[in-house]
Amino acid sequence: MLSNELQAKANWVRNRTLEMHRLAPGIRIASSLSPVEILTALYYGNLLHQNPADARDPARDRFVASKGHGTLCLYPILADLGFFPADELDRVGKQNSILGVIPEPITPGVETTNGSLGHGLGVACGMAIALRRAGNPAKVFVLCGDGEMNVGAIWEAVMFAAKHRLDNLHVIVDDNGRSMLGYQKDILGLDPLAPKFETFGFAVAEVDGHDVNALVATLRRLKLLADGRPKAIIARTIKGHTVPELETDPLAHIRVLSHQSIDAALRSRP
Amino acid sequence: MSSLANLPMRDALIGAIYERMRRDPTIMFLSADMGAPALDSLRAELPGQFINVGIAEQNMISVAAGLAMEGLTVFTYAIASFYFRALEQIRINLALPAQIRPMNVNLMALGAGLSYDVSGPTHHCLEDISIMRSLPNLAVLSPADSDTALAIADFAPSLAKPKYIRLDGKVHRSVRQGVVGSTDFHKGYAVLRRGDRVALVATGMMTHVAIEVADRSPGRFGVIDVIRLDRGIDQSGLFEDMTRGYRAVISLEEAYIDCGGLDALVSSLRGRFDSGIPHRRFGLPQIFDFSPGDRAALLARHRLTASEVAAVAAPWLG
């Protein structure tokens with residue numbers, strides 16, 4: 001996909017996610033807008049190879065949406081790629097839908113349980129070990145939030161990944177600076193995150209998490225790196241990206257947008 | 001009978017797992033920095049199938065989940081009470097996905113009940129039966145001797161569900177010689193003695209106390225050893241065997257009572273099958289016991305002895 005096509009795809013994903021929110025106000029829209037370009041880069045940038053006809057194809061690259069409720073922009077992508085019919089997007093959170101307000105493994109294309117934070121990286125370590133043992137060249141990608149870095153189990157998994165030289169494992173941190181009750185800098189002060197991963201033995205890159213082409217280039221460079229180090233990509237993002245009332249609200253996590261706000265956001269980037 | 005059966009439960013089971021792992025490279029063994037004599041040869045000879053995850057029980061469970069999702073069979077090994085640290089990982093990464101896909105992860109929990117007697121209440125594990133029984137899709141296995149522990153090595157790979165396996169820390173004599181089918185984990189219990197007055201329904205090391213009671217008054221007590229405590233067992237068979245021909249039933253567990261353990265299983269069967277048979281319960285009160293003492297002293301303090309059981313049963317023996 002050409003660079004301008006990737007940006008157009010990212011805009012489409014964002015707008016489709018906003019449309020979903022109109023029908024499903026229960027989804028966490030602010031934290032689902034920060035990883036739009038990250039997931040667009042992964043799924044459309046020739047990085048994550050999957051098989052919509054067989055969601056459990058052993059050759060697939062594994063994607064673990066560890067910051068579960070903040071990855072709802074995944075749904076339009078999975079529908080677009082053919083994992084399930086697109087009209088299902090209008091039924092998020094509704095009775096008998098296969099799409100919950102938090103992605104669950106009943107949805108084709110969703111690997112793991114993601115409703116509680118801090119679990120995905122450890123599970124991904126197990127997958128990465130198993131793939132390497134089987135001689136399977138598939139890669140494992142995990143999307144975590146920066147708030148998720150508060151969880152102790154994350155650092156157990158970080159140590160494990162480095163010790164076991166899991167260079168088929170890629171952690172992408174959607175570093176939007178905010179969790180539910182405010183700014184991370186006021187809560188546990190995670191910054192600087194990159195040197196922490198570096199010290200723990202990861203190959204690390206930092207990137208503008210809303211520059212889809214920079215994301216593709218960075219992810220591709222790290223994916224090709226095979227020196228034993230697991231990889232961490234710190235993607236600097238903005239929670240509620242492109243929606244001013246979300247971008248500026250420390251408590252944006254639980255905000256529900258009005259139809260007028262959604263209309264305005266859709267007009268801002270058609 | 002394998003010579004492994006004369007070892008402590010953990011070594012019997014690990015030895016049997018080791019034999020399987022040598023033939024089957026799809027079995028992995030994870031330890032939270034816990035050792036055992038039988039683990040030494042496994043670690044040395046099968047390094048590709050063994051991982052010491054460190055003192056990191058949460059990550060051990062998550063890694064085991066990832067391995068199982070890729071089709072591997074996993075055994076994990078840690079101190080029983082330290083699995084509580086990883087309860088959410090057990091719930092979310094094992095029990096929950098097991099509802100929709102195979103998840104063969106086997107949690108070997110060393111130090112059931114008061115096994116770690118002198119180590120005190122951090123190491124006593126009296127909540128695990130009730131906590132683990134409350135999780136959907138999780139089998140709870142509770143062997144009373146090393147024969148049964150050994151049999152888990154054959155059973156575990158055959159049932160692609162997560163399983164919590166209580167292993168006693170001490171060596172106990174075999175209780176099941178000559179009892180056909182006594183390690184049938186689908187049935188979930190074994191009748192070790194038959195009698196005509198009182199049925200003793202026990203699990204783990206309390207099965208030995210039940211046998212002591214029964215053998216003092218031959219023909220009076222039935223002894224049923226419950227080797228699996230989740231709802232996957234033959235519940236109507238257990239109800240029949242613990243009530244038919246008896247005047248009362250007594251449940252015995254080295255665990256807290258009144259919070260969902262073996263006593264609750266027995267009670268629920270009485271309710272489900274609408275039986276009015278009297279039920280008395282032996283177990284521990286819900287306190288942390290700081291007082292020093294070995295296991296015999298702790299059991300005596302909490303009246304978990306053959307004499308106390310016989311005294312409670314006395315009214316129905318005449």
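FYI, it's all coordinate maths here, none of it is from the lab. All figures in this text were calculated on a predicted structure; none of them were measured in a lab. Ideal geometry is used to build each Cβ from the backbone, glycine not excepted, and the neighbour counts take in all protein chains shown.
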Check your understanding: Of all DSSP beta bridges in the protein assembly as shown, what percent run antiparallel (nearest 5)?
Key -> 10 percent
Practice item. Quickly rank B:199-209, B:214-224 as a protection proxy: mean count of other C-beta atoms within 10 Å, highest first. Key: B:199-209, B:214-224
Check your understanding: When DSSP beta bridges are limited to those with both residues in chain B, what percentage is antiparallel, rounded to the nearest 5?
Key -> 15 percent
Check your understanding: For the stretch B:27-112, what relative contact order do you get, as a whole percent, if you take Cα pairs closer than 8 Å and at least 6 residues apart?
Key -> 34 percent
Check your understanding: Normalised by the number of residues in chain A, what is the relative contact order in percent for Cα pairs under 8 Å and 6+ residues apart?
Key -> 23 percent
Exercise for review: Sort A:Lys94, B:Lys163, A:Lys239 so that the residue with the fewest other Cβ atoms within 10 Å of its own Cβ comes first and the one with the most comes last.
Suggested key: A:Lys94, B:Lys163, A:Lys239
Practice item. Would you calculate, for chain B, the mean residue ellipticity at 222 nm contributed by helices, counting each DSSP H stretch of 4 or more residues as -39,500 (n - 2.57) and dividing by all residues, to the nearest 500? Key: -9500 deg cm²/dmol
Point to revise | Ranked A:Glu245, A:Glu148, B:Glu254, criterion: other C-beta atoms within 10 Å, fewest first | key: A:Glu245, A:Glu148, B:Glu254
Practice item. Report, by chain and number, residues whose modeled amide H sits under 5 Å from the one on A:Val204, excluding near sequence neighbours (fewer than 5 apart, same chain). Key: A:Ala232
Practice item. Could you work out the relative contact order of the stretch A:1-141, using alpha carbon pairs under 8 angstrom and six or more residues apart, expressed as a whole percent? Key: 25 percent
Review point. If you count the DSSP beta bridges with both ends in the stretch A:3-267, what percent of them are antiparallel, to the nearest 5?
Key: 10 percent
Check your understanding: Which whole-angstrom value gives the distance between the alpha carbon centres of the stretch A:1-65 and the stretch B:30-82?
Key -> 35 Å
Review point. Any idea what angle helix B:206-216 forms with the longest principal axis of chain B, computed on alpha-carbon atoms, 0 to 90 degrees, nearest 10?
Key: 30 degrees
Study note, to complete from the structure: In debye to the nearest 20, the charge dipole size for the stretch A:1-116, taken about the Cα centre with +1 at each Lys and Arg Cβ and -1 at each Asp and Glu Cβ, equals 300 debye
Check your understanding: Gap in Å between the Cα centre of the stretch B:264-311 and the Cα centre of the stretch A:239-270?
Key -> 59 Å
Review point. Which of A:Lys163, B:Lys161 comes first, and how do the rest follow, when ranked by fewest Cβ neighbours within 10 Å?
Key: A:Lys163, B:Lys161
Check your understanding: B:Thr183: net charge of surrounding residues, Cβ under 11 Å, Lys/Arg +1, Asp/Glu -1, itself excluded?
Key -> -2
Review point. Going by alpha carbons, how many degrees (0 to 90, nearest 10) lie between the helix axis of B:146-158 and the longest principal axis of chain B?
Key: 50 degrees
Review point. Could you give the distance between the Cα centres of the stretch B:179-239 and the stretch B:111-141, to the whole Å?
Key: 20 Å
**Study point:** Mean projected area (nm²) of the alpha-carbon convex hull when the protein assembly as shown is viewed from all directions
**Key:** 28.4 nm²
Check your understanding: Taking the Cα atoms only, what angle lies between the long axis of helix B:262-272 and the longest principal axis of chain B, rounded to 10 degrees?
Key -> 60 degrees
